[in-house]
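K.L.:
I am attaching a structure below and will ask some questions about it afterwards.
The values are calculated or read from the model by the stated rules, or taken from the named source; none is laboratory data. Model, not experiment: these values are computed from the prediction. Methodologically, a virtual Cβ is constructed for each residue, glycine included, from the backbone with ideal geometry; neighbour enumeration extends over all protein chains shown.
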């Protein structure tokens, strides 16, 4: 009896103790559960976790990197095992294994991030970067990776009680099921092939079907045949740009084949340094920084065809300027003829140091034109720029630039870059889609393209068009382009559209001729500025300000990047710039408004500053040889001759131009003056002065009109008598391209 009472009392005591401790235990586990859920939420969506959540997220990512995502997983797994499953033992083992797995995960993520070209600290946190660096020093990169991977798998096995044999069995079962499904599908396909008719039976069936269609078409009658033949063409596949109907002059025109260009090298890693060279460079960089008491390490690298960019992650408190100041010392330690420092790399917490490769790769235009950077759907004015610093093809669209300045010292690859730009467009555009105004005062580069059907000159008719080599003729051509620009703007206003693309759409709807793009290429701007600086600068300023909407774009190149050539007025309207190797930082600042071009390696190594970009992108320009240029030009000459409508800006016929030259009157000015007289039905010094802005020009035109006996002033009067019939006949004979709208 006493024994029974004792057991009852003990049981009551035990039950009382459980009821007494259940509330704190429940609160404790509830707090752990919601803490784990909040921790996971803060790591996944820190922007919606409040100030505390963001602080916790930043600290955990700083310590553990991407491995911080393992922390809530381990925490919630422990709660699941020891609360819901009422597991009362193994606390210490689970906690130690979770911590061990977390640390191994940090090192593993840091190593993977390093191989992927990322910052080790960002990928694995400060713990992971330190542990991965120590293990790599002792075991090498592969050894450190395998050790971390094995440690993480071992920790996961303990924490989640994983039986790897069961995992392997399940994977084998899935593979076996997939193989059975594949074998079954293969058998069904074989059975269908056996049941398929033979070739003779298929031919008979096809003949029978054709006979049936012919009989049906005869019954249905001729109207249906006409309807089928006049059906609309299918849209272009793969998102290709629909090509407009070619003009009559180029209806048989065929785009040049890519076989005219040389093939790229078969070497897979052309120009890129080996693993040994990269390891040696990393050691030299870190040793150089350490010798100057700078706490920083190499956290990644990106090998390219010409340079390799190493990412330097400084420790907290290290100033970026202290690394930039060591540019010459780093170049000396790396035995490089010039390096470029990017401080910092946009979008990364690291400083980039670009070091030339021991071997410079050759990049050809064909590999850019056949890459994904330029597809069939790309705009007409897209050209192949080259390979980026990481070896990816880079293309740009002149229409989006919308004008570009190319500058570099002699021998830097400036002319080759111009050739690659022009040839990229010639391979993709017909002459009635894009035309070139080529100005080459040096007479050495653009004269290769003499005679191609894409040539255009707003001053002469198609039969006499050529590459412009005279500086004064170039200035006149630029002035004529201004007049053409005004005429095109009048067309846009008349049709209620904003740009050339909109006008061409309206022209197709109304059956009007389309307008073509005009790309003005000036190979040496310095010569034009020297001879006709005021006229050229004013014309370039107006064209770069306004000509984009009417499809006129400019490519200006010079080997003398000085402020008297690239003036502030010109630079203000050229947001896109390409800088090749220059001599000094001053020249680099004139082109890019910053340094960097003086550290380029030449032979096509360039910096491309696109419109709206904060920092330029480094590329290796595509190379084209003289043989490739001549082959392309020879092919284009077989496809047709230059053809475009006569314009008001074009010179007069016959020997009239010589007569005008005696009075210093331009043909364009004289045609405008004659048209003005016919429209206003009067002539005077003030009228001509208001039109041409100069008393001297007005006097010369009046003198020429009087010599030609188109006007005369009778004695005793101060009024000009005008022979309108003679002026109209003169216009129709010598300026037939100028429309006459004569009233009364």
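K.L.:
Please give the number of the condition residue 436 fails out of (1) out of contact with any strand residue (DSSP E or B) (no Cβ under 9 Å at 6 or more places or on another chain); (2) at pLDDT 95 or above.
P.N.:
(1)
K.L.:
Moving on. Would you say residue 275 is surrounded by fewer than 16 Cβ atoms within 10 Å (Cβ to Cβ) and free of Cβ contacts under 8 Å to residues at least 60 places away in the same chain?
P.N.:
When the stated conditions are applied, residue 275 passes them.
K.L.:
Moving to a separate point now. Modelled with pLDDT of 90 or more, touching a strand residue (DSSP E or B) at 6+ places or on another chain (Cβ under 9 Å) and either more than 29 Å from residue 306 (Cβ to Cβ) or in a strand (DSSP E or B) (or both), is that true of residue 606? First the steps, then the outcome.
P.N.:
Details: modelled with pLDDT of 90 or more: yes; touching a strand residue (DSSP E or B) at 6+ places or on another chain (Cβ under 9 Å): yes; either more than 29 Å from residue 306 (Cβ to Cβ) or in a strand (DSSP E or B) (or both): yes.
For residue 606, the condition - modelled with pLDDT of 90 or more, touching a strand residue (DSSP E or B) at 6+ places or on another chain (Cβ under 9 Å) and either more than 29 Å from residue 306 (Cβ to Cβ) or in a strand (DSSP E or B) (or both) - is met.
K.L.:
Determine whether residue 441 is within 20 Å of residue 544 (Cβ to Cβ) and touching a helix residue (DSSP H, G or I) at 6+ places or on another chain (Cβ under 6 Å).
P.N.:
It is true that residue 441 is within 20 Å of residue 544 (Cβ to Cβ) and touching a helix residue (DSSP H, G or I) at 6+ places or on another chain (Cβ under 6 Å).
K.L.:
Does region 425-444 contain any residue that is on the phi > 0 side of the Ramachandran plot and assigned by TED's automatic domain parsing to the domain that holds residue 522?
P.N.:
yes
K.L.:
So the check is Cβ under 7 Å with 6+ separation or different chains; which pairs have a first residue in region 540-565 that's on the phi > 0 side of the Ramachandran plot and a second one that's assigned to a loop (DSSP other than H, G, I, E, B) and surrounded by fewer than 23 Cβ atoms within 10 Å (Cβ to Cβ)?
P.N.:
Going by the 7 Å Cβ cut-off, the qualifying pairs are 551/515.
K.L.:
Is it the case that some residue within region 27-39 is modelled with pLDDT under 75 and outside any helix (DSSP H, G or I)?
P.N.:
no
K.L.:
For residue 644, which of the numbered conditions (1) more than 26 Å from residue 359 (Cα to Cα); (2) in the same structural domain as residue 460 (by TED's automatic domain parsing) fails to hold?
P.N.:
Of (1) more than 26 Å from residue 359 (Cα to Cα); (2) in the same structural domain as residue 460 (by TED's automatic domain parsing), only one is false for residue 644: (2).
K.L.:
Scan region 720-737 and tell me whether some residue there is free of Cβ contacts under 8 Å to residues at least 12 places away in the same chain and assigned to a loop (DSSP other than H, G, I, E, B).
P.N.:
no
So that you can scan it fast, the table gives a plain yes or no per residue for (1) touching a strand residue (DSSP E or B) at 6+ places or on another chain (Cβ under 6 Å); (2) assigned to a strand (DSSP E or B); (3) surrounded by fewer than 23 Cβ atoms within 10 Å (Cβ to Cβ):
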position: 386; (1), (2), (3): yes, yes, no
position: 391; (1), (2), (3): no, no, yes
position: 394; (1), (2), (3): yes, yes, yes
position: 399; (1), (2), (3): no, no, yes
position: 411; (1), (2), (3): no, no, yes
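K.L.:
Would you mention how many residues in region 664-695 are loosely packed, with under 13 Cβ neighbours inside 10 Å, in contact with a helix residue (DSSP H, G or I) (Cβ under 7 Å, 6 or more places away or on another chain) and within 16 Å of residue 720 (Cβ to Cβ)?
P.N.:
Selection size over region 664-695: 1.
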